[in-house]
Amino acid sequence: MKKTIIILVAFIALQACNSTNDKAKEKIKEHKTKIVISSSTELSFNFSIRGENTGSVVYGTTNLPDSTKVGINLIKENNTFAQDFDVFVINGDFKKYFPISYFDIESVEIILFDNELWQNKFIREQLQFVNSDLWIKDEFGRSITFNKIIKESKEVKETKLIKPEEIINAPQNYTPKGKVDGKIINLSQDNVKRYKINIDFNKELTGEELDKEIRYWIYFVYKQYKEASAIAVNCYVKGNEISFMNGYFAPFGNWSNANSSKNYSNHKVTLSYF
């Protein structure tokens, strides 16, 4: 009898040991699937939204490092009416449920911030390896904004369609002073079409001259890519790697507001000096 009990106890202990080992292996396997970036990497970021029960789910995939935080805005009539700025990337995926009907949402905006207020030190070290021409630098650090139009707002639908040519207002019979450095750069993601061109000048120009140059080169790009939602013209003094001015054709004049809508009623041409 005692011998039987001893064998039974040993069997249970062995099973417990195997179970512990299995769990340990699962943890190791889980750890191996996490994304850690230690070398130069081109950013990949895709997202969508679907209705679920009585609400909506924003979900996507990316190669951003694990535990990177992003912010999500739900927009209606050009105003944010719901948001969550504590959404984290786990194993290349992110997902957030909102108790809001899919049919009430006109667009979704996702923002990636690279600063000490948003990301911890380990994540920021990895983000330095993430390459993308979508990065925008300001006094707070770096950021990228992704947009997806679900449906146009009533306000936009009721607005008379404006031709992009009228907004760009390129000078007629004009000979540009700048020259293209390289070629037009395609920075599009999914249905959001963005294009950039770099222009070299032998010297800095006056404000009036620069306005003509920016509008000329924006139209130069637009003629070739009429699906463009945003066009950037970066101006350089020849031999200098830092632009002294950028010009934009985009919704509200902001490069990050590019979207998949074909309505140009909110587009503007803006100039930013450095």
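The values are calculated or read from the model by the stated rules, or taken from the named source; none is laboratory data. Just so we're clear, the structure is a prediction, and the values are computed from it rather than from any experiment. Positions of Cβ are backbone-derived with ideal geometry, glycine not excepted, and every protein chain shown enters the neighbour counts.
The set of residues in the range 181-206 that are more than 26 Å from the chain's Cα centre (by Cα) and touching a residue at least 24 places away in the same chain (Cβ under 8 Å) comprises Asp200, Phe201, Asn202, Lys203, Glu204, Leu205. Could you tell me whether any residue of the range 107-124 is over 19 Å from Asp190 (Cβ atoms), surrounded by 12 or more Cβ atoms within 10 Å (Cβ to Cβ), touching a helix residue (DSSP H, G or I) at 6+ places or on another chain (Cβ under 7 Å) and basic (Lys, Arg)? Checked against the condition, which is being over 19 Å from Asp190 (Cβ atoms), surrounded by 12 or more Cβ atoms within 10 Å (Cβ to Cβ), touching a helix residue (DSSP H, G or I) at 6+ places or on another chain (Cβ under 7 Å) and basic (Lys, Arg), the range 107-124 yields no hits at all. The lone criterion from (1) touching a helix residue (DSSP H, G or I) at 6+ places or on another chain (Cβ under 7 Å); (2) farther than 27 Å from Ile150 by Cα left unmet by Phe244 is number (1).
Going through (1) under 19 Å from Phe249 (Cα atoms); (2) touching a residue at least 12 places away in the same chain (Cβ under 8 Å) one by one, Phe129 falls short only on (1). Looking at the range 239-246, can you tell me whether even one residue there is touching a residue at least 40 places away in the same chain (Cβ under 8 Å) and not small (Gly, Ala, Ser)? Taking every residue of the range 239-246 in turn, at least one turns out to be touching a residue at least 40 places away in the same chain (Cβ under 8 Å) and not small (Gly, Ala, Ser). The set of residues in the range 185-218 being within 25 Å of Ile149 (Cα to Cα) and either surrounded by fewer than 19 Cβ atoms within 10 Å (Cβ to Cβ) or not aromatic (Phe, Trp, Tyr) (or both) consists of Ile185, Asn186, Leu187, Ser188, Gln189, Asp190, Asn191, Val192, Lys193, Arg194, Lys196, Ile218. Of the helices (runs of 4 or more DSSP H) contained entirely in the range 131-224, those carrying at least 3 residues that are modelled with pLDDT of 90 or more fall at 164-168, 207-224.
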